[in-house]
There are 6 protein chains.
Amino acid sequence: MIASASRVEHFNAAHRLHNPKWSDEKNAAFFGLCNNKNYHGHNYKLIVKVTGKVDPESGYLIDLKVLKDIIRKEVTDRFDHKNLSVDVPDFDDLNPTAENIAYMAWHRIKKHLNPQFELHITLYETERNFVEYDGR
Amino acid sequence: MIASASRVEHFNAAHRLHNPKWSDEKNAAFFGLCNNKNYHGHNYKLIVKVTGKVDPESGYLIDLKVLKDIIRKEVTDRFDHKNLSVDVPDFDDLNPTAENIAYMAWHRIKKHLNPQFELHITLYETERNFVEYDGR
Amino acid sequence: MIASASRVEHFNAAHRLHNPKWSDEKNAAFFGLCNNKNYHGHNYKLIVKVTGKVDPESGYLIDLKVLKDIIRKEVTDRFDHKNLSVDVPDFDDLNPTAENIAYMAWHRIKKHLNPQFELHITLYETERNFVEYDGR
Amino acid sequence: MIASASRVEHFNAAHRLHNPKWSDEKNAAFFGLCNNKNYHGHNYKLIVKVTGKVDPESGYLIDLKVLKDIIRKEVTDRFDHKNLSVDVPDFDDLNPTAENIAYMAWHRIKKHLNPQFELHITLYETERNFVEYDGR
Amino acid sequence: MIASASRVEHFNAAHRLHNPKWSDEKNAAFFGLCNNKNYHGHNYKLIVKVTGKVDPESGYLIDLKVLKDIIRKEVTDRFDHKNLSVDVPDFDDLNPTAENIAYMAWHRIKKHLNPQFELHITLYETERNFVEYDGR
Amino acid sequence: MIASASRVEHFNAAHRLHNPKWSDEKNAAFFGLCNNKNYHGHNYKLIVKVTGKVDPESGYLIDLKVLKDIIRKEVTDRFDHKNLSVDVPDFDDLNPTAENIAYMAWHRIKKHLNPQFELHITLYETERNFVEYDGR
């Protein structure tokens, strides 16, 4: 029996979208308000979905308390109430777009999972804008 | 890096479900309350998901402001505060079921996207009834 | 012990905002897209709150199944999948704005309640626009 | 034209997570608070997604009123306001984890559908914990 | 400056609605499915609203982290993953209706607050049924 | 006929909670993670409720399109994608707590309304923390 189990977590962070190789004009034109040099912020909603075989003894695919602890240690504790552009080394050389935050969350969580499990990340930046990443 | 980026938009419209090739009795029996000849209506929630390669320079799959503008021009401005059965030529010869509205939204949006991008539409007719279409 | 108990119900309807005493121009200018002569529609969300003494024997203020039946008989069954402007006599001489729909729902429900109970109606026309009415 | 149509339903139930082949100590350590011998409970949210060909005559993939009736007869009427661990024979020899409840719902609903339709179940146990099962 | 500050918390519990002074028949007729002798359960959502003067130095009415700790100690840790009818002494002689749970939460939280603060409790038993209590 | 009409808007901003009259140690101890000197951020949800007489001619308490424009001009355009602690003069001498943001929104909006209307602001800083202010 193959199933998926998902856990929803949240973090609240500041960021600025900016490519240091571009001119200020190009950054402002491309990223618009998101390029504000003094930062803005979001309540991010992160959905972590794990897919694989259900353990017939326990009836669990993965203990969601264990998954919650992995997410908190690897993602929430690092990103919550932080300025992603300043405080978080993951984004020293990477623009903290939702796509790239999802990419970092995927790599941080994947290494703690049974290698036979697939991992899929959904990240809401607002209620109306969200991205997905599954390791491809 | 392959990812998905999604934008949520809304429109509020009236419609009537009806097949002109069927008798009034068959229409009433099959579509029930949705066949009301004076129309009823919904707040539609549309989720537009684009899948493809993330641009490494910007960190964006697609600029969601650009996607928002495409959705508004092609779907929201045409369908919002309209009677789909009367005001919208897309449904002159097509029953405005949720499935068919999703089909029309997919075709209207797809032509504006990079052809290498995949497109997936989710359309909520109510909080408890929704459909999905991805071009197949 | 004084408390409140609330029940949430939904109905989906078409309507047109229009004052027959005004010119077509004034109606179009004032009500904008909501004046579309072919109607548009909404998923309405209705929250019915009753306030009064809790019965110490049952621990209930009011049986919410009973309240649900009152709401369905008086409001949902009359308004759901209808065109409020055409099918519902309540709005023969009353513009079906959210304010007036809430007013009608209040009067329809109030007469079935213990007269010592206060009644408060909240009506969402969209997720971002809603009204309240409490009999004043 | 291939599409998906989904219906959302709810049921409220008690349960206890427990493996009778394990010691009480192992059950308490593994399942934690969910092993409470006096039970606890949840509002379950069930999303039933059917995928297949849309009927060109009606514009429906499946009549969602029909799907609703199948879900209510097979799942909601059996599980709602019940103790899954005591009242529901499906779980006489099966731990009522979310994964196993989704498995049972899938098998109960699948047999009523056109065999060419695919079925996907999503079950929320809380707003932050949910599982998916599609028959694999 | 008078304001309100609110904190939302959740707990998941089993219960049975039952008045031991009534016959089994009367209990079954009055409470319906909620009278199931084997219990059922809910995800309860609790909104705790405190009203009073904002401290001009900090700009806080009350530190919501402090309020969260009070709620967890007094309500969530006692009620979560419990059978309210069996495990929680508050309901030894009190029917665990939503009204009575809100009453107990109010009294448990109120004693920890500045006496000049008003307290208002909202308790959702399901997404469609909720109660409010403010100490009257 | 007295009613209320409400409009929901959103803005996304960075901020830092800090009292310049306190020591760094006191600020860190009192405001915790919210005192991060590099800022963090939120998706704020603002609910603006206006209460007063419904105009019998139009059936509107207030045109919610007009209210939306007032909110956007006075609040959203000033606060959205900004760092409240750096970019917004309202908070030059005022700690940008949710209570104080609600206070500023109230004063900015009130002056545009019919003086006979009452105004009530609800501001969600996260899904679980929110404040209310009504001018007292």
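Here, each number is a calculation from the coordinates, and none is a lab measurement. Here the structure is a predicted model, which means the values were calculated and not measured. Every residue, glycine as well, gets a Cβ built from its backbone with ideal geometry; the counts of neighbours run over all protein chains shown.
Filter the stretch E:19-40 down to residues that are in a loop (DSSP other than H, G, I, E, B) and at positive phi, then give me how many there are.
In the first step, residues of the stretch E:19-40 are kept if they are in a loop (DSSP other than H, G, I, E, B); the result is E:19-23, E:36-39.
Going one step further and asking which of them are at positive phi, we end up with E:39.
Qualifying residue count, the stretch E:19-40: 1.
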So F:Ile47, is it β-branched (Val, Ile, Thr), in contact (Cβ under 8 Å) with a residue 40 or more places away in the chain, over 18 Å from C:Phe30 (Cβ atoms) and facing another protein chain (nearest Cβ under 10 Å)
yes
Which pairs have Cβ atoms under 7 Å, sit 6 or more apart or on different chains, and link a residue in the stretch B:9-33 that is more than 15 Å from C:Asp80 (Cα to Cα) and more than 10 Å from chain C (Cβ to nearest Cβ) to one that is hydroxyl-bearing (Ser, Thr, Tyr) and part of a helix (DSSP H, G or I)?
B:Glu9/B:Thr76
Residues in the stretch A:88-107: is at least one more than 24 Å from B:Leu61 (Cα to Cα) and either more than 10 Å from every other protein chain (Cβ to nearest Cβ) or without any contact (Cβ under 8 Å) to a residue 40 or more places away in the chain (or both)?
no
Go through the stretch D:111-136 residue by residue and tally those that are within 29 Å of E:Gly41 (Cα to Cα) and in contact (Cβ under 8 Å) with a residue 12 or more places away in the chain.
16
Residues satisfying the stated conditions in the stretch E:41-87, i.e. part of a loop (DSSP other than H, G, I, E, B) and under 13 Å from the mean Cα position of the chain (by Cα)
E:Asp80
Looking only at the stretch B:28-43, decide whether some residue is of a type outside the set (Lys, Arg) and under 17 Å from A:Tyr124 (Cα atoms).
no
Subset of the stretch A:4-44, residues touching a His at 6+ places or on another chain (Cβ under 6 Å) and surrounded by fewer than 19 Cβ atoms within 10 Å (Cβ to Cβ), comes to A:Leu33
Test E:Phe91 against the stated conditions and say whether it is within 13 Å of the chain's Cα centre (by Cα) and either surrounded by fewer than 22 Cβ atoms within 10 Å (Cβ to Cβ) or not aliphatic (A, V, I, L, M) (or both).
yes
For the stretch A:108-134, give me the residue count where each residue is part of a strand (DSSP E or B) and at the interface with another protein chain (Cβ under 7 Å from one of its Cβ atoms).
5
Looking at (1) surrounded by fewer than 23 Cβ atoms within 10 Å (Cβ to Cβ); (2) of a type outside the set (Gly, Ala, Ser); (3) under 28 Å from E:Trp22 (Cβ atoms), which one does E:Asn83 not meet, given that it meets all the others?
(1)
Here is a list of conditions, (1) under 30 Å from C:Leu17 (Cβ atoms); (2) surrounded by 17 or more Cβ atoms within 10 Å (Cβ to Cβ); (3) not hydrophobic (A, V, I, L, M, F, W, C), and F:Asp55 meets all of them except one; can you say which number that is?
(2)
When residues of the stretch F:55-81 are filtered for being more than 23 Å from F:Glu132 (Cβ to Cβ) and either in contact (Cβ under 8 Å) with a residue 24 or more places away in the chain or among the basic types (Lys, Arg) (or both), how many remain?
4
It is to be established whether one or more residues within the stretch B:63-72 are surrounded by 18 or more Cβ atoms within 10 Å (Cβ to Cβ), more than 24 Å from A:Leu33 (Cα to Cα) and away from chain C (no Cβ under 14 Å).
no
Out of (1) in contact with an Asp or Glu (Cβ under 9 Å, 6 or more places away or on another chain); (2) over 21 Å from F:Asn43 (Cα atoms); (3) not charged (D, E, K, R), what's the single condition that is false for A:Asn27?
(1)
